[in-house]
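A.B. asks: Right, I'll just put the structure down here and ask away after.
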């Protein structure tokens, strides 16, 4: 797998979120970022090579790398119990389930991380394997946020509820406005994908169903990234 750009690579090195095998820096890049990345990579036991622009282009998947790419291993994952053990109080743990675009996934993670979420839950098949896209779109947040795996949303919800968190879903059906709900309680928040959303069977068992009020009559749902940002920062506002 590949990480691209100094922000994403720095995040992975600082968070120690995955093995870093080799760091490639364009040979004419001599700024402070390059020096700092070199020190971090050497300390992590990764090889560091200065290469020309053509060599960078052959490794990278896009053209927004800024002259920095790294070959990396699988993302380290926590157990649900370990994730809960290191969460703050009141806890906010988010699960992104069924998001079909890695860019949207990364943007949603970025919003929740910026707003102070304590952890992320994903299924075994998730967009963390699309490290280059997710790392860039999340501005490194996908490498920094503590992350656990669960086989299903139901498994994650059961563990969270047993630990005292309320299970909440983003769902417009029979839901409470996010501005009327008490979001200061410990929360496990499930965000569904762009097409299917949250399954009705899961939503029916949730402790809290949340909707985002609109300023006019408009039937279309907000996309995953916009909805995640609104939810994340309303939770932060209420807890501030």
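The values are calculated or read from the model by the stated rules, or taken from the named source; none is laboratory data. These figures come from a predicted structure and were not determined experimentally. Positions of Cβ are generated from backbone atoms using ideal geometry, with glycine treated the same way; all protein chains shown enter the neighbour counts.
A.B. asks: Out of (1) under 19 Å from residue 152 (Cα atoms); (2) touching a helix residue (DSSP H, G or I) at 6+ places or on another chain (Cβ under 6 Å); (3) in a strand (DSSP E or B), the odd one out for residue 69 is which?
C.D. replies: (1) is the only condition that residue 69 fails.
A.B. asks: Same structure again: Can you give me the ranges of the strands (runs of 3 or more DSSP E) entirely in the stretch 145-198 with at least 2 residues that are touching a residue at least 24 places away in the same chain (Cβ under 8 Å) and under 30 Å from residue 217 (Cα atoms)?
C.D. replies: 166-170, 187-192
A.B. asks: Of all residues in the stretch 205-237, how many are in a loop (DSSP other than H, G, I, E, B) and touching a residue at least 12 places away in the same chain (Cβ under 8 Å)?
C.D. replies: The total comes to 6.
A.B. asks: Looking at (1) part of a loop (DSSP other than H, G, I, E, B); (2) farther than 21 Å from residue 65 by Cα, which is the only condition residue 139 fails?
C.D. replies: Residue 139 satisfies all of (1) part of a loop (DSSP other than H, G, I, E, B); (2) farther than 21 Å from residue 65 by Cα except (2).
A.B. asks: Within the stretch 112-131, identify whether any single residue is over 9 Å from the mean Cα position of the chain (by Cα), touching a residue at least 60 places away in the same chain (Cβ under 8 Å) and either assigned by TED's automatic domain parsing to the domain that holds residue 62 or under 20 Å from residue 61 (Cβ atoms) (or both), and answer yes or no.
C.D. replies: Yes - at least one qualifying residue is present in the stretch 112-131.
A.B. asks: When you scan the stretch 83-92, do you find a residue that is modelled with pLDDT under 95, touching a helix residue (DSSP H, G or I) at 6+ places or on another chain (Cβ under 6 Å) and surrounded by fewer than 21 Cβ atoms within 10 Å (Cβ to Cβ), even just one?
C.D. replies: No, that holds for no residue.
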